[in-house]
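K.L.:
Right, I'll just put the structure down here and ask away after.
Every number in this text was worked out from the coordinates using simple rules, so none of it is lab data. Worth saying up front: this structure is predicted, and the values here are computed from it rather than measured. Positions of Cβ are backbone-derived with ideal geometry, glycine not excepted, and every protein chain shown enters the neighbour counts.
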Amino acid sequence: MKKTLLSLSLLFVATIFLNAQDTRERNYNYEILVPNHAAKPKVTGFAQKRVVENLDRGVTAATSADGKSVYVSWRLLNTDPENTSFNVYRSASGKTQKLNSKAISAITGFVDSKPLAVEANYWVETVVGKQKTQSPSFVYQPKSEIETPNYISIKLRNNIAVGKLAVADLNGDGIYDFIVRHPASNVDPGTNPDTIGTTYKIDAYLHDGTYLWTKDLGLGTEPGVWYSPFVAYDLNGDGKAEIALKTTGNDYTKDYRNRINGGSEFLTILDGMTGKEIASVPWNERNFRYGDTNRQNRNQIGIAYLDGKTPCILSLRGTYRLMTVNAYQLNGNKLETLWKWDGDEENPVVRSQGAHNMVAGDVDGDGRDEILLGTCMLDDDGTLLWSAGLGHSDKAYLTDIDPSREGLEVFLAIEPWVDNGYGVSMLDAATGKRVWGIGQKTFHVGDGMVADIDPTHPGLECFASEDSKGGSSDKYLLSSKGEFLALNDVPPCRNWVWWDAGKTRQIISGGFRAGSFVNYWKGEQIAAGITGSIQMIADLVGDWREEIVTSLPGEIRIYFTNIPATDKRVTLMQDPIYRSYIIERSQGYPMSPVPGYYLGN
């Protein structure tokens, strides 16, 4: 009897503790957590100057909708002087012809109104004063108006179905290459494990479809996105991208549900051209401070310029309770520890403020990157900059939402219920202070987005949607000032793209089988016939507008616009925050990228 009473007492205490933990995990409800800690030494990385991608002009040529002209476009680079202009050339059947009569400077595009009916090479000459530089050419195949939209096709081995995709320059030629993880299946840590022995593989391909290598992650890595984060970037400054990924050993153990709950784990760096291991260090240690197995198996990788010059690698474990982040640099062929952050060691403690992506950018103007983990921001030295105390956010966007305010903002879509009116909210990025909230209780906001979709309102519109499993199916559309614009008559939050010749953003609608199309929210359709599962939206080639990367069995397609531009803009991929979003696209939840400046009407 005494044993029974003791057992019941222990059960009661444990239940109270877990309920308290769940409440803490769901909603803090404080205004802002101001950290109380000593400053750490600033990071000094290996780089003497900022490591950047050396991109070429990215020339493309696209058939117009009526099939009567060809739109040629190319990149504007942040190294181009103000007096840069361009000439466009076409080579076909042994003959080369300059197409423009006057040098082009207002845009980075040209309409060839008299295209040839044969294969042609288009290339661009960059003119700065008396200096002229020729770009690589784009091989153009004539298309008729009834054929599919303009795209580049990359064939994949063994008819694989892509689950996640990264882009980076693997061989240093200034052109983006592709790293894919397959198969497309996914096991979430909160659901039943894989029981058929599926293992994830990572393949690397050059932009022309040349296959490079395959890395099998093995049975120690469960086939789910949270077990297998990977990113691609030039990490050691040699001009060629490496792959950073989480790997495991063969000493793994399993729990009663057949879920892996132990064993060696590593942050590993692979050579981008060969797939051979360059360096490896232990991954953030697994323990029960994170919570159960579901919470322990939430892993991410990020890249941040912690000293403003060196691309540093961040390994993260935890989202819903404890969160830890370790920072490293790849100095030559060695991973060196820069700092380690543990949310339980903060004063006060920071828990359950994570998101499903982490984005880096300089929010306080010191030239060094901070890291947005969700509803909290880490400083470049590995200390907490601020925590909003709103709980786990399913989506967190860092950009200039309201151009009338100084600095950047963060838009949050908070998953757990929030009864203080800030479940959908905007914060100041540098301080975490609340700018506005929705003003009503939310239950389970599972998605969100910021984009200029209505030019009649200044700033970016902010929209979010509840998941019905939280007890509400409400959707919210607000202005950059937090004014309600619509309730439930709200656009979807995913797959937004700059495709037309303007700053208003468009949405990609439709589906895999029937094909997708691009249209304005409640407006005209401007493209159709885009086939495949959307893997990425990014400014990969041509002028500053974005491409749509899709996958089909055995193929990647890069669709690009044929609508002539009306202005010019430095390629979005050279904006640090936009590039950070593209880096994160190979893991976590899909998010349409945004730059670190106001891009709207």
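K.L.:
List the GluC sites (Glu not before Pro) within segment 29-109 that fall in a DSSP loop (any state other than H, G, I, E or B) and whose Cβ has at most 10 other Cβ atoms within 10 Å. Present the calculation step by step, with values, prior to reporting the outcome.
P.N.:
On the way: sites: Glu31, Glu53, Glu82; in loops: Glu31, Glu53, Glu82.
Taking segment 29-109 and a limit of 10 other Cβ atoms within 10 Å, the loop GluC sites (Glu not before Pro) found are Glu82.
K.L.:
As an exercise, find the ratio Rg/Rh for segment 274-430 from alpha-carbon atoms, using the Kirkwood inverse-distance average for Rh.
P.N.:
Result: Rg/Rh = 0.98.
K.L.:
I've got another one for you. For segment 110-163, state what percent of all Cα-Cα pairs lands in each successive 10 Å bin, counting from 0 Å until the bin that includes the largest distance.
P.N.:
16, 35, 27, 18, 4, 0
K.L.:
Need the C-alpha centroid separation for segment 483-525 versus segment 539-595, integer Å.
P.N.:
Cα centroid to Cα centroid, the span is 16 Å.
K.L.:
Let me ask you something else. Find the eigenvalues of the gyration tensor of the Cα atoms of segment 183-336, then list the square roots of 5 times those eigenvalues as equivalent ellipsoid semi-axes, largest first, in whole angstrom.
P.N.:
For segment 183-336, the semi-axes come out at 26, 20, 12 Å.
K.L.:
Expressed as a whole percent, how much of the Cα-Cα distance distribution for segment 483-573 exceeds 17 Å?
P.N.:
The answer is 51 percent, as a whole percent.
K.L.:
Now a separate question. To the nearest Å, what is the center-to-center distance of segment 146-166 and segment 213-281, using C-alpha atoms only?
P.N.:
Result: 24 Å between the Cα centres.
K.L.:
What percentages make up the Cα-Cα pair-distance distribution of segment 147-189 when the bins are 5 Å wide from 0?
P.N.:
5, 16, 19, 21, 19, 12, 5, 2, 0
K.L.:
Excluding residues on the same chain fewer than 8 positions from Lys441, give the lysines whose Cα lies under 17 Å from its Cα.
P.N.:
Lys469, Lys475
K.L.:
Segment 124-169: which trypsin sites (Lys or Arg not before Pro) are DSSP loop and have at most 11 other beta-carbon atoms within 10 angstrom?
P.N.:
Answer by residue number: Lys130.
K.L.:
Now for a separate question. Express the Stokes-Einstein translational diffusion coefficient of segment 105-258 in µm² s⁻¹, to the nearest whole number, given a Kirkwood radius over alpha-carbon pairs, 20 °C and a viscosity of 1.002 mPa s. Before the final figure, lay out each step's value.
P.N.:
On the way: Rh = 19.3 Å.
Estimated diffusion coefficient is 111 µm²/s.
K.L.:
Which translational diffusion coefficient, to the nearest whole µm²/s, is obtained for segment 539-589 from the Stokes-Einstein equation, given a Kirkwood hydrodynamic radius over C-alpha pairs, 20 °C and 1.002 mPa s?
P.N.:
171 µm²/s
K.L.:
If you keep only loop residues by DSSP, which GluC sites (Glu not before Pro) in segment 457-492 have at most 13 other Cβ atoms within 10 Å of their Cβ?
P.N.:
Glu483
K.L.:
If you look for lysine pairs in segment 124-258 that are eight or more places apart or on different chains, how many of them have Cα atoms under 23 Å apart?
P.N.:
Qualifying lysine pairs in segment 124-258: 16.
K.L.:
Give me the Kirkwood hydrodynamic radius of segment 357-508, using the inverse of the mean 1/r over all pairs of distinct Cα atoms, in Å to one decimal.
P.N.:
15.6 Å
K.L.:
Another question, if that's okay. Note down, for the chain, the three equivalent ellipsoid semi-axes (square root of 5 times each alpha carbon gyration tensor eigenvalue), biggest first, whole angstrom. Intermediate values should be presented prior to the final figure.
P.N.:
Values: eigenvalues 345, 147, 113 Å².
Rounded to whole Å, the semi-axes are 42, 27, 24.
K.L.:
Then there is this: Return the equivalent ellipsoid semi-axes of segment 249-361 as a descending list in whole Å, where each equals the square root of 5 times an eigenvalue of the C-alpha gyration tensor.
P.N.:
Ellipsoid half-lengths, sorted descending, are 24, 21, 11 Å.
K.L.:
To make sure I understand the rule: partners must be lysines, Cα under 16 Å from the Cα of Lys433, and not fewer than 8 residues away in the same chain. Which ones qualify?
P.N.:
Lys481
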